[in-house]
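S.K.: Below: one structure in structure tokens.
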Amino acid sequence: MIDEILRKEHLSREEIAALLSIEGEEDTRRLFQRAYAVKRGHVGTAVYFRGLIELGNVCGKDCFYCGIRRGNSSLERYMMTREEILDAAELALNWGYGSVVLQAGEDRSACFSDFIEDVIAGIGGRFGGALGVTLSLGEQDDETYRRWFAAGAHRYLLRIETSDSGLYGRFHPEDHSFERRLRCLAALKETGYQVGTGVMIGLPGQTAEHLAGDVLFFNKIDADMIGMGPYIPHSDTPMGKDCVPFSPEERLNLALRMIAVTRIVLKDVNIASTTALQALSDTGRELGLLAGANVIMPNLTGMKYRGGYRLYDGKPGIDENAAAFRERLETRIRDIGEYVGYGLRGDSPHYGKRVRGDAGRGN
Ligand code: SAH
Ligand code: SF4
């Protein structure tokens, strides 16, 4: 049955849900094997590093799952300075990371928008275009997206969190709009960014059918990049008090199957092996690579700010800047037969095809 589905060129929602529900060791191995073959054929076995800079935890939103939501008053808010951000970017460059990701809580003020524009231009000015710039700064107006693009950013990550509008409504206050999120994704694409989206996996009430719908959603909006990870409760959030229907191990395995199925369906996109995977298992990110992911985002945020960017409990706070850590990660990547694409931007092959007009996947 699994083999039959894996041989098909186009998968239905039911078939995707069946793959996501696989349990036995042998079937899981076959799923990952298939995903890995697709990965090798479409994006190769280079792992691209993006240095993640969590530049601030001020957030105007109140997502029920997130530790830095506006309503969490037990948190000291911070914002890195322009110099601190540029210094972190310089570390990325020195270590051969081809890109940085600037991530923060959602701040829609004009002053934030100006600041980010200036930082992006600063990165371009100081490093002469040697570093790719990805943004993950939430919902903004079209004009802000355009200004940041014009300043030199070229990728944007905005997770839909769940593509089911009913579930979305359960995890967000009423004034957070699913439709606005969709409009932002469309505006980003229109502006010219490589667009990344993704979901949390293992949310209360989320089924394999919902997740199958998410994979089809990624395909429908023609995403270039995908970043997904297990949902991990944070004790100071409204959802942190609810019980989570899946154990950490089940959420990890479900997240890995989700990566594999996304690779099989979307083929030539970049897929991140995220920190949340690592939060559930020390080797979570390597497992993500073996399931079909090809991007890792080592954390470049200064150690003094790490505690302030706790999106969920148990977020790994290890110093990924330490030489020993980098060596260990590289060794582990070599051990699984892959190599790090040092100094390379590692753009999503799908984006290249999309702008040339030959990206049709047609699932
Ligand atoms: N404010 C921006 C970027 C920072 S949040 C935005 O929301 O897009 C980045 C991601 O962290 C979110 O998209 C969400 O998927 C993830 N996240 C937040 N809380 C989480 C939790 N409790 N468990 C797992 N992931 C979480
Ligand atoms: Fe803010 Fe993003 Fe967290 Fe929502 S997920 S509260 S927008 S940082």
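Since every read-out is calculated from the coordinates, none of them should be taken as a lab result. These numbers were taken from a predicted model, which means no experiment stands behind them. Cβ atoms come from the backbone with ideal geometry, glycine included; neighbour counts cover every protein chain shown.
S.K.: Pick out, in residue order, every one of the trypsin sites (Lys or Arg not before Pro) in region 1-31 that is DSSP loop and has at most 15 other C-beta atoms within 10 Å; say none if there are none.
M.R.: Sites meeting the loop and neighbour criteria: 8.
S.K.: For a quick check of your reading of the filter: which chymotrypsin sites (Phe, Trp or Tyr not before Pro) in region 284-349 sit in a DSSP loop and have no more than 16 other Cβ atoms within 10 Å?
M.R.: Here the sparse-neighbourhood loop sites are 342.
S.K.: Which percent, nearest 5, of DSSP beta bridges in the chain are antiparallel?
M.R.: Counting DSSP beta bridges with both partners in the chain, the antiparallel share is about 5 percent.
S.K.: At q = 0.16 Å⁻¹, what log₁₀ I(q)/I(0) does region 30-149 have when each alpha carbon counts as one equal point scatterer in the Debye sum?
M.R.: Log10 I(q)/I(0), no solvent term: -0.85.
S.K.: Next question. Can you bin region 254-323 into rounded, prolate or oblate? Criterion: square roots of the alpha carbon gyration tensor eigenvalues sorted a ≥ b ≥ c, rounded for a/c under 1.5, prolate for a/b above b/c, oblate for the rest.
M.R.: In terms of gyration-tensor shape, prolate.
S.K.: Further question on the same structure: Given the Cα-Cα distance of residue 339 and residue 130 and 0.36 nm per residue of separation, how much length would full extension add, in nm?
M.R.: Here the segment from residue 339 to residue 130 would lengthen by 73.2 nm.
S.K.: Moving on. Longest segment of the chain with no GluC sites (Glu not before Pro) in a DSSP loop having at most 10 other Cβ atoms within 10 Å?
M.R.: The reported range is 175-363.
S.K.: Another question about this same structure. So between residue 306 and residue 82, what do we pick up on full extension, going 0.36 nm a residue minus the alpha carbon distance?
M.R.: That pair, residue 306 and residue 82, stretches by 78.9 nm at full extension.
S.K.: Consider just the alpha-carbon atoms of region 110-150 and return their Rg together with their Dmax, both in angstrom.
M.R.: Looking at region 110-150, its Cα Rg and Dmax stand at 10.3, 28 Å.
S.K.: Which value results for Rg/Rh of the chain when Rg is the Cα radius of gyration and Rh the Kirkwood radius based on the inverse mean 1/r?
M.R.: Here Rg/Rh amounts to 0.93.
S.K.: Please report Rg over Rh for region 86-203, where both radii come from the alpha carbon positions and Rh follows the Kirkwood definition.
M.R.: Computed over Cα atoms, the ratio is 1.00.
S.K.: Sticking with this structure for a sec: Enter the Cα centre distance for the pair region 79-125 and region 300-363, rounded to the nearest angstrom.
M.R.: Taking the Cα centre of each part, region 79-125 and region 300-363 sit 17 Å apart.
S.K.: OK, next. In what sequence do 258, 200, 79, 297 fall when counting other Cβ within 10 Å, fewest first?
M.R.: Placing the least packed residue first, the sequence is 79, 200, 297, 258.
S.K.: Regarding region 1-73, what's the average projected area of the Cα-atom convex hull, expressed in nm²?
M.R.: Its Cα hull, projected and averaged over all orientations, spans 8.6 nm².
S.K.: Please compute the length gained on full extension between residue 141 and residue 74, using 0.36 nm multiplied by the number of residues separating them and subtracting their Cα-Cα distance.
M.R.: My answer for the length gained is 21.2 nm.
S.K.: What's the exposure ranking of 282, 242, 164, 347, going from fewest to most Cβ atoms within 10 Å?
M.R.: In order of increasing Cβ crowding within 10 Å: 282, 242, 347, 164.
S.K.: While we're looking at this one, here's another question. Quick one: grab Rg to one decimal and Dmax as a whole number for region 153-290, Cα atoms only, in Å.
M.R.: My reading of the Cα-based Rg and Dmax gives 14.6, 41 Å.
S.K.: While we're here: Taking Cβ-Cβ under 4.7 Å as the only way to count a partner, pick out the unpartnered cysteines of the chain.
M.R.: So far as the 4.7 Å Cβ criterion goes, 59, 111, 184, 243 stand without a partner in the chain.
S.K.: For 66, 59, which order do you get if you count the other beta carbons within 10 Å of each Cβ and list the fewest first?
M.R.: Lowest count first: 59, 66.
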